[in-house]
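Below: the structure, in structure tokens.
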Amino acid sequence: MQVESRVTIAVPPEKIFEIYADVRNWKTWDPDTKESSIDGPFQTGSKGKITPPKGITVPMNFVSVVPNKSFTVESQIPFFRMVFEHELNATAAGTEVVHRVTFSGALSFLLGRIVGNPLRTGLPITLASLKRLAESGRVAA
């Protein structure tokens, strides 16, 4: 199962990537994040944790970080895996931002529905919030 949303933001990819790299402040633009942390630099191979507003803290593995282009994190619990992809594509209008979440594992048929339905409505809200922050010129605080 996969959920995807996209938005165009009127700033270059570097500005958005700067916001992404500030992992501890994801909660300022992502309402589906209560807390987030990273152990080490924002790069491939780093590990972190993320806590949704409702639910338990889960580990995050930064499986791919390509500066100013994309980053992908993976979270796993027994029998369920979530992959969160974040893509930045430069356009004449600024940057097209794509957020995609893919569910897999034995429990994906059940947990994918439970988690997937709120993500369908939540991803556009998250992207709108990211757009407001990036276009305001302010850094997350």
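Quick look at the values:
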{"quantity": "Given (1) small (G, A, S); (2) in contact (Cβ under 8 Å) with a residue 24 or more places away in the chain; (3) closer than 21 Å to E135 by Cβ, index of the condition A106 fails", "calculated": "(3)"}
{"quantity": "Residue in segment 97-120 that is farthest from T28 (Cα to Cα), counting only those that are at pLDDT 80 or above and β-branched (V, I, T)", "calculated": "T102"}
{"quantity": "Filter result for the condition that a residue is closer than 27 Å to S136 by Cβ, under 15 Å from the mean Cα position of the chain (by Cα) and buried (at least 17 other Cβ atoms within 10 Å of the Cβ), over V83, V66, V97", "calculated": "V97"}
{"quantity": "Residues satisfying the stated conditions in segment 40-74, i.e. touching a helix residue (DSSP H, G or I) at 6+ places or on another chain (Cβ under 7 Å) and of a type in the set (G, A, S)", "calculated": "G48"}
{"quantity": "K54 being under 22 Å from I125 (Cα atoms) and basic (K, R)", "calculated": "yes"}
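Conditions (1) at pLDDT 95 or above; (2) touching a Gly at 6+ places or on another chain (Cβ under 7 Å), marked per residue:
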| residue | (1), (2) |
| --- | --- |
| M1 | no, yes |
| S5 | no, no |
| A10 | yes, yes |
| E18 | yes, no |
| A21 | yes, no |
| K27 | yes, no |
| Q43 | yes, no |
| S46 | yes, yes |
| K49 | yes, no |
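The values are calculated or read from the model by the stated rules, or taken from the named source; none is laboratory data. These numbers were taken from a predicted model, which means no experiment stands behind them. Cβ atoms come from the backbone with ideal geometry, glycine included; neighbour counts cover every protein chain shown.
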